[in-house]
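Beneath this line is the structure, given in structure tokens, with notes to follow.
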Amino acid sequence: MPQINRFSSRWIIAIITAISTAMMFAISVPQASAKEYVTTTGLSPDGNQYSIGWEVPSTQEPARRSKRSTKDYAFETNQLENGMQTLIHIENSEAPTEYRFPLSLPQEAEVIPFSEGSEDAMGVFLNGSLIATIATPWAIDANGTPLQTSLHIENGTLVQIVEHNSATAFPVTADPQIDWGWEKPPSS
């Protein structure tokens, strides 16, 4: 009988070790997440309907997650009356400074930067007509202090750079925003 008990104890320890190892692996390995595309649809004055959007970056990147850490950043997309906005919530200095949003545009549309000092950063043009604008970006820290941020287009991807470091008051909030060119609200 002692041999059975000894075997049982070893067996139980082996099972517990295997389960513990499997649980640690499952917790520390990031889950694959489906890509999230967000779009906004507008109706032009001539009756044409267009959809424009972007892919929201994954927050499941291996370098950003472990079983003891929280996300360094998160995204929140809001539909607006005349477009959409994706807020970037940056939690700490370990978060990246670059956020990439692959664009989804009508066929043959192109994004053209406006001159510096314009109200908007870029325009989305289709057959020479402005159909949407990409707003000048902004970023603020936890104290409401503006931070340096910029947008550019790289191979069909909207790229927002948010300058932050260990001296920044976190969390930081930033956004890319798109508005329909013909539905701009009146200035107040």
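The values are calculated or read from the model by the stated rules, or taken from the named source; none is laboratory data. Predicted, not measured: the structure shown is a model, and the values here were computed from it. Heads up, the Cβs are rebuilt from the backbone with ideal geometry, glycines too, and the neighbour counts pull from every protein chain shown.
Here are the numbers for this structure:
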read-out	value
Hits in region 112-150 (condition: within 19 Å of the chain's Cα centre (by Cα) and of a type in the set (Asp, Glu))	Asp141
Check on Leu151, in contact (Cβ under 8 Å) with a residue 40 or more places away in the chain, closer than 28 Å to Ser51 by Cα and assigned by TED's automatic domain parsing to the domain that holds Thr41	no
